[in-house]
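The values are calculated or read from the model by the stated rules, or taken from the named source; none is laboratory data. Computed from a prediction, not measured in an experiment: that's the story for all the values here. Here the Cβ positions follow ideal geometry from the backbone for every residue, glycine too, while neighbour counts run over all protein chains shown. Calculation scope for accessible area: heavy atoms of the full protein, side chains included, ligands and nucleic acids excluded. Shrake-Rupley method; radii C 1.70, N 1.55, O 1.52, S 1.80 Å.
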Amino acid sequence: MSDIYDIFSVKEKKVLITGAANGNGAEFARSFGKAGSRLTLIDVDNKNLISIANEIQSETGNDIKRYNVDLSNTDSIDKFLALKEIPNFDVVINNAGVTIGNDILNYQDDDWELTHKINLTAPYKIIKAVSKGMCERGQGSIINITSLAAEMGFPGNPGYVSSKGGLKQLSKAVASDISKYGVRINSVGPGYIKTNMTSKSWNDKNLRSERSNRTMLDRWGESNDLVGLLIFLASDASSYITGQDFYVDGGWLSKGL
């Protein structure tokens, strides 16, 4: 008789992770690799991508596929999406993202365009490509990594905030289109997680303390704090969940006084 916990298994699932060379993406890759998933990893940082892939392969014995893809470049994305394995993914985690800070009075058009290309247009193109195969098979899970900024108006970064808000709404729009085929799509919004992207705030003692105090748990998150939810959303345990937004933020959004 099958163990109830088998429903949380992601073993042998074909999983695509974008932005897998650093930060949260690297932790996602390690965790799904240890859980027995068959990984395809992409990133523009080829040096670190090779390192992460080799590390996981050495630990697990699994063969890891990796591709050097620039998600700001349409030709680079299209070349990757032309690969024969694209229709066969069981799980896709759109994790790659970029943030370029400045207030609206000084924000540069080039920074706006780059941010939206990576944070919103690339996920759109990937979702469009992979969902066709998922819909034909009648199963699949797409997970878009958004942010607290998808829900709140953080200052000094209109490109990032708008792109993450757009990704949240893209998830809902796509859920309306593909859920009838048995394919699910949800978004996960991290709070302040210790990564290279948040290092400026973390290294500023006042900002670090301020960010901690905004949470109920009184601490910053770690990349592995996100993993449990992603495993759940990738697994059959979440088979009746789609079109939802989940925030892993230490209670930031819910905190009052």
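For the stretch 27-81, give me the residue count where each residue is under 23 Å from LYS132 (Cα atoms), in contact with a helix residue (DSSP H, G or I) (Cβ under 6 Å, 6 or more places away or on another chain) and hydroxyl-bearing (Ser, Thr, Tyr).
Here the count works out to 2.
Tell me, please, whether a residue that is under 30 Å from SER9 (Cα atoms) and in contact (Cβ under 8 Å) with a residue 12 or more places away in the chain can be found in the stretch 96-107.
Yes: one or more hits.
Restricting attention to the stretch 242-251, which residues are buried (at least 20 other Cβ atoms within 10 Å of the Cβ) and either farther than 15 Å from LEU229 by Cβ or modelled with pLDDT under 95 (or both)?
Selection gives nothing.
Out of the residues in the stretch 15-58 that are among the acidic types (Asp, Glu) and closer than 21 Å to LEU226 by Cα, which is surrounded by the fewest Cβ atoms within 10 Å (Cβ to Cβ)?
GLU55
Kindly list the number of the only condition in (1) surrounded by fewer than 19 Cβ atoms within 10 Å (Cβ to Cβ); (2) within 25 Å of ASP45 (Cβ to Cβ) that fails for ARG137.
For ARG137, the exception is condition (2).
Considering only residues that are among the small types (Gly, Ala, Ser) and either closer than 18 Å to SER201 by Cα or not in a helix (DSSP H, G or I) (or both), look in the stretch 151-164 and name the one that is least open to solvent (accessible area, probe 1.4 Å).
Selected residue: GLY156.
Of the numbered conditions (1) in contact (Cβ under 8 Å) with a residue 12 or more places away in the chain; (2) of a type outside the set (Phe, Trp, Tyr); (3) farther than 26 Å from SER31 by Cβ, LYS205 satisfies every one except a single condition; which is it?
Evaluating LYS205 over (1) in contact (Cβ under 8 Å) with a residue 12 or more places away in the chain; (2) of a type outside the set (Phe, Trp, Tyr); (3) farther than 26 Å from SER31 by Cβ leaves (1) as the failure.
When you check ARG66 against the structure, is it open to solvent by 50 Å² or more (accessible area, probe 1.4 Å), under 18 Å from the mean Cα position of the chain (by Cα) and more than 29 Å from ASP110 (Cα to Cα), yes or no?
Spelling it out, it is not the case that ARG66 is open to solvent by 50 Å² or more (accessible area, probe 1.4 Å), under 18 Å from the mean Cα position of the chain (by Cα) and more than 29 Å from ASP110 (Cα to Cα).
Quick one: what pairs do we get from the stretch 148-169, first residue over 14 Å from VAL98 (Cα atoms), second at pLDDT 95 or above and among the polar types (S, T, N, Q), C-beta under 6 Å, 6+ apart or different chains?
LYS168/THR146; LYS168/SER187
State which residue is most open to solvent (accessible area, probe 1.4 Å) when the search covers only the stretch 74-89 and only residues that are outside any helix (DSSP H, G or I) and of a type in the set (D, E, K, R).
Of the residues in the stretch 74-89, the ones outside any helix (DSSP H, G or I) are 82-85, 89.
Restricting the remaining residues to those that are of a type in the set (D, E, K, R) gives 84-85.
Numbers: LYS84: 176, GLU85: 28 Å².
Filtering first and then ranking leaves LYS84.
Could you give me the residue pairs with C-beta distances under 6 Å whose first residue belongs to the stretch 19-44 and is over 14 Å from GLY61 (Cα atoms), whose second residue is aromatic (Phe, Trp, Tyr) wherever it lies, and which are 6+ apart or on separate chains?
ILE42/TYR67
Within the stretch 183-210, can you find the residues that are open to solvent by less than 40 Å² (accessible area, probe 1.4 Å) and either touching a helix residue (DSSP H, G or I) at 6+ places or on another chain (Cβ under 7 Å) or under 30 Å from GLY138 (Cα atoms) (or both)? Don't jump to the end; show me each part of the working.
Applying the first criterion (open to solvent by less than 40 Å² (accessible area, probe 1.4 Å)) to the stretch 183-210 yields 183-191, 193, 195, 198, 201.
Correct list: VAL183, ARG184, ILE185, ASN186, SER187, VAL188, GLY189, PRO190, GLY191, ILE193, THR195, SER201.
For the stretch 181-194, indicate whether the set of residues that are at negative phi, modelled with pLDDT of 95 or more and assigned to a helix (DSSP H, G or I) is non-empty.
yes
Go over the candidates ILE104, ILE118, ILE17 one by one and state the one that is of a type outside the set (Asp, Glu) and within 20 Å of MET134 (Cβ to Cβ).
Matching residue, one of ILE104, ILE118, ILE17: ILE17.
Does LYS117 qualify as being touching a residue at least 40 places away in the same chain (Cβ under 8 Å), of a type in the set (Lys, Arg) and out of contact with any Asp or Glu (no Cβ under 7 Å at 6 or more places or on another chain)?
On the way: touching a residue at least 40 places away in the same chain (Cβ under 8 Å): yes; of a type in the set (Lys, Arg): yes; out of contact with any Asp or Glu (no Cβ under 7 Å at 6 or more places or on another chain): yes.
Answer is yes for this residue.
Looking at LEU167, LEU226, LEU217, which is the one that is out of contact with any Cys (no Cβ under 8 Å at 6 or more places or on another chain), open to solvent by less than 10 Å² (accessible area, probe 1.4 Å), more than 22 Å from LEU81 (Cβ to Cβ) and at pLDDT 95 or above?
Values: LEU167 fails: more than 22 Å from LEU81 (Cβ to Cβ); LEU217 fails: open to solvent by less than 10 Å² (accessible area, probe 1.4 Å).
Result of the check over LEU167, LEU226, LEU217: LEU226.
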